[in-house]
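Reading through the C-alpha cells given below for one structure.
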Amino acid sequence: MKTMVEQDKEFLEFVVKSIVGNPNDVAVDRTIDERGVLLTLKTNPADMGYVIGRKGQTAQSIRTLLKIIGAKNNSRVNLKIYDPEGGAHRSAPRRDEREDVDTSAIDDLKI
C-alpha cells in the first residue's frame, strides 16, 4: 500500500500529465505547513490554460479530488498552481487598453 506522500503527489502528477501538452514539464513539490499538506504544481506556461480550465473549473475539480484523498488519509491537502508570469497573461486586452475607435462615420446618424 502506498503512503500518503505517494498518493496525493502521484495522483496530482498523473492527472495533470494526462491533460497537458508538455507532460515532461510537470513537477510537483510537496511540503507540510501549518495548514496541512501543500502541493505546488509547476507546468509549462503554455499548458496553464489546460490546468486552470474555463473559469477555473479544472483547477477547482483537481482541488476537490485532492481534498477527498486528504480526507481519506486524515490530512488536509491544498493545491498551489505556480504561475511564473504572475497571472499577467491574458487573451484579450482590457477595454481601457484598446486603441481608440474611429466613430466619425456614424457620429451623424439619427437613430
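State whether the residues of segment 12-22 include one that is surrounded by 15 or more Cβ atoms within 10 Å (Cβ to Cβ), in contact (Cβ under 8 Å) with a residue 40 or more places away in the chain and over 13 Å from the mean Cα position of the chain (by Cα).
There is no residue in segment 12-22 that is surrounded by 15 or more Cβ atoms within 10 Å (Cβ to Cβ), in contact (Cβ under 8 Å) with a residue 40 or more places away in the chain and over 13 Å from the mean Cα position of the chain (by Cα).
Going by what's in this entry, would Lys72 be described as on the phi > 0 side of the Ramachandran plot and not polar (S, T, N, Q)?
Values: on the phi > 0 side of the Ramachandran plot: no; not polar (S, T, N, Q): yes.
No: the conditions fail for Lys72.
Look at segment 23-55 and say how many of its residues are more than 15 Å from the chain's Cα centre (by Cα), closer than 16 Å to Ile68 by Cα and among the aliphatic types (A, V, I, L, M).
Looking only at that region, the number is 1.
Looking at segment 41-58, which of its residues are surrounded by fewer than 16 Cβ atoms within 10 Å (Cβ to Cβ) and farther than 16 Å from Glu85 by Cβ?
Gly53, Arg54, Lys55, Gly56, Gln57
Looking only at segment 1-38, filter to residues that are acidic (Asp, Glu) and assigned to a strand (DSSP E or B); which one of those is modelled with the highest pLDDT?
Taking segment 1-38 first, the residues acidic (Asp, Glu) are 6, 8, 10, 13, 25, 29, 33-34.
Right, trim to assigned to a strand (DSSP E or B) and you get 29, 33.
Values: Asp29: 94, Asp33: 79.
Checking each candidate, the answer is Asp29.
Using the structure shown, decide if Asn73 is polar (S, T, N, Q) and modelled with pLDDT under 90.
Details: polar (S, T, N, Q): yes; modelled with pLDDT under 90: yes.
Answer is yes for this residue.
The values are calculated or read from the model by the stated rules, or taken from the named source; none is laboratory data. Predicted model, so just to flag it, every value in this text is computed and none were measured. Cβ coordinates were reconstructed from backbone atoms using ideal geometry, including for glycine residues, and neighbour counts include every protein chain displayed.
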